[in-house]
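Right, one structure below, let's go through it.
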Amino acid sequence: MTIRFFVVGVLFAATLTVNAGERLTIAVSPLQSFAPTNLIVRVHVAPDDANRALEITADSGEYYRSSRMPLDGKDAPRTITSELRSLPGGDYDVGVVLIDSTGHARAFAHQPVRILSSAGGD
């Protein structure tokens, strides 16, 4: 029973809603694991003609990775999944930014993630 509550709690914690408009939400899995690890980032984007790009970043202060993909406005997929492979140990801020046609951020979301360097801890 305790494990079931833990799993439900992790699933709720994995999704962050940025604002009341809910233009953008993010879910990262796993939230904690051992290095090197692959993270799955699922982004839900509300359809809008102004949506032109999505940037996904993972930043630990010592390691940084980013990916930018074009969006086709309201015709873009509502759910975008990306995989960040072989991330080394560290405390990461995984973020997404929704960008309009002028290059300005329309919305953003982030999720903290911990990747342990070894079985003994970070």
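Readers should treat all values here as calculations from the given coordinates under stated rules, not as data from a laboratory. Quick caveat: nothing in here was measured; it's all calculated off a predicted structure. Note that each Cβ is placed from the backbone with ideal geometry, even for glycine, and that neighbours are counted across all protein chains shown.
Residue count for segment 69-122 satisfying the condition of being among the aliphatic types (A, V, I, L, M) and within 14 Å of Pro36 (Cα to Cα): 6.
Only strands (runs of 3 or more DSSP E) whose full extent lies in segment 39-122 are considered here, and the ones with at least 3 residues that are in contact (Cβ under 8 Å) with a residue 24 or more places away in the chain and within 11 Å of the chain's Cα centre (by Cα) are 53-59, 79-87, 90-99, 105-116. Taking segment 21-36 on its own, how many of its residues are buried (at least 18 other Cβ atoms within 10 Å of the Cβ) and either among the polar types (S, T, N, Q) or assigned to a strand (DSSP E or B) (or both)? Summing the residues that are buried (at least 18 other Cβ atoms within 10 Å of the Cβ) and either among the polar types (S, T, N, Q) or assigned to a strand (DSSP E or B) (or both) in segment 21-36 gives 5.
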